[in-house]
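**Student:** Please find one structure pasted underneath; my questions will follow.
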Amino acid sequence: MVNSWRVEIDAKNSAKNNAMRLMIFRHAKAEKSAPGMRDRDRPLAPRGLKEAPRMGAFMAHHKLVPRHALVSPSRRTRETWDRLAGALPGAIPVFYEDRLYDATPEAIVAVIKETPATIRTLIVVGHNPGLHETARLLIASGDVEARERLNEGLPTSGLAVIDFAGNDWKKIHASGGRLERFVTPRLLKTATD
């Protein structure tokens, strides 16, 4: 996988900036499986079709723009990424990674660790329970209220932003990150009502 990456150095996050940002995004709300349908083939539900671009607009407004995306190959994660990315500025290289489908936290972290050090901001779009458990595994500090909300669950279209000191993805480890923010569609709706 890593060999296929188009390696870019982000001028804003040059070697002088000794930090990395991981955005964990659970796919948007999906339809239930129809009889005979494979889980991987489930499309987004109408609610998911609305929430993903809304979360993308929030990310763009708050300058939470990844430089690269790792996305599970399921239909619902691909559709989520398409709608999310459509609200973000610029073209973001995306890599569909089969190991993210139905993945354990250890498998997700292993995929993240393959990210080249020149990439400072990465988004992973995937599934629970693996993504939720990965976020909980990696976070050691950050806003207490946000951490408590995240401990309760990572809902569909939920976004956890985790910052790490350092400049090498290979060195991320359990309890090594700080939760910068945790945002959900419900929280955005409450904030705008």
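Conditions (1) of a type in the set (Gly, Ala, Ser); (2) more than 19 Å from MET20 (Cα to Cα); (3) buried (at least 23 other Cβ atoms within 10 Å of the Cβ), marked per residue:
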{"residue": "ARG54", "(1), (2), (3)": "no, yes, no"}
{"residue": "ALA60", "(1), (2), (3)": "yes, no, no"}
{"residue": "LEU64", "(1), (2), (3)": "no, no, no"}
{"residue": "SER74", "(1), (2), (3)": "yes, yes, yes"}
{"residue": "ILE112", "(1), (2), (3)": "no, no, no"}
{"residue": "THR118", "(1), (2), (3)": "no, no, no"}
{"residue": "ASN128", "(1), (2), (3)": "no, yes, no"}
{"residue": "HIS132", "(1), (2), (3)": "no, yes, no"}
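**Student:** Quick check on the stretch 140-181: of everything there that is part of a helix (DSSP H, G or I) and either touching a Gly at 6+ places or on another chain (Cβ under 9 Å) or of a type in the set (Phe, Trp, Tyr) (or both), which residue is nearest to VAL111 (Cα to Cα)?
**Tutor:** So the residue we want is TRP169.
**Student:** Name the residue that is farthest from GLY90 (Cα to Cα), counting only residues in the stretch 28-54 that are free of Cβ contacts under 8 Å to residues at least 12 places away in the same chain and of a type in the set (Gly, Ala, Ser).
**Tutor:** GLY36
**Student:** Only residues that are in contact with a helix residue (DSSP H, G or I) (Cβ under 7 Å, 6 or more places away or on another chain) and within 23 Å of LYS113 (Cβ to Cβ): list them for the stretch 65-79, please.
**Tutor:** The answer is VAL65, ALA69, LEU70, VAL71, SER72, PRO73, SER74.
**Student:** Suppose we keep only residues that are surrounded by fewer than 20 Cβ atoms within 10 Å (Cβ to Cβ) and β-branched (Val, Ile, Thr) within the stretch 94-108. Which one would you say is farthest from the chain's Cα centre (by Cα)?
**Tutor:** Among those residues, the one meeting the criterion is THR104.
**Student:** Return the residues of the stretch 43-69 that are among the aliphatic types (A, V, I, L, M), more than 12 Å from HIS27 (Cα to Cα) and assigned to a strand (DSSP E or B); say none if nothing qualifies.
**Tutor:** Across the stretch 43-69, the qualifying residue is only ALA69.
**Student:** List the residue pairs whose Cβ atoms are under 6 Å apart, where the first residue sits in the stretch 55-66 and is under 18 Å from GLU79 (Cα atoms) and touching a residue at least 40 places away in the same chain (Cβ under 8 Å), the second is among the polar types (S, T, N, Q) and crowded, with 23+ Cβ neighbours inside 10 Å, and the two are 6 or more positions apart or on different chains.
**Tutor:** MET55/SER157
**Student:** In the stretch 122-149, how many residues are free of Cβ contacts under 8 Å to residues at least 60 places away in the same chain and closer than 13 Å to PHE25 by Cβ?
**Tutor:** Going through the stretch 122-149 one residue at a time, the tally reaches 1.
**Student:** Identify all residues within the stretch 79-93 that are part of a helix (DSSP H, G or I) and either hydroxyl-bearing (Ser, Thr, Tyr) or surrounded by 18 or more Cβ atoms within 10 Å (Cβ to Cβ) (or both); write none if there are none. Quick ask: steps written out before the conclusion?
**Tutor:** Residues of the stretch 79-93 that are part of a helix (DSSP H, G or I), as a first pass: 79-85.
GLU79, THR80, TRP81, ARG83, LEU84, ALA85, listed by residue number.
**Student:** Determine the pairs where a residue that is within 19 Å of GLY166 (Cβ to Cβ) and modelled with pLDDT of 95 or more, located within the stretch 96-121, has a partner that is hydroxyl-bearing (Ser, Thr, Tyr) and crowded, with 20+ Cβ neighbours inside 10 Å with Cβ atoms under 8 Å apart, the partner being 6 or more residues away or on another chain.
**Tutor:** Pairs that qualify, where the first residue is within 19 Å of GLY166 (Cβ to Cβ) and modelled with pLDDT of 95 or more and the partner is hydroxyl-bearing (Ser, Thr, Tyr) and crowded, with 20+ Cβ neighbours inside 10 Å, are ILE108/THR134; VAL109/THR134.
**Student:** Do the conditions hold for ASP102, that is, is it of a type in the set (Asp, Glu) and at negative phi?
**Tutor:** Considered against the rule, which asks whether it is of a type in the set (Asp, Glu) and at negative phi, ASP102 comes out as no.
**Student:** Can you tell me how many residues within the stretch 94-135 are basic (Lys, Arg), more than 23 Å from ARG76 (Cα to Cα) and out of contact with any Asp or Glu (no Cβ under 8 Å at 6 or more places or on another chain)?
**Tutor:** Summing the residues that are basic (Lys, Arg), more than 23 Å from ARG76 (Cα to Cα) and out of contact with any Asp or Glu (no Cβ under 8 Å at 6 or more places or on another chain) in the stretch 94-135 gives 1.
The values are calculated or read from the model by the stated rules, or taken from the named source; none is laboratory data. This structure is a prediction, so every number in the text was calculated from the model and none was measured. Positions of Cβ are generated from backbone atoms using ideal geometry, with glycine treated the same way; all protein chains shown enter the neighbour counts.
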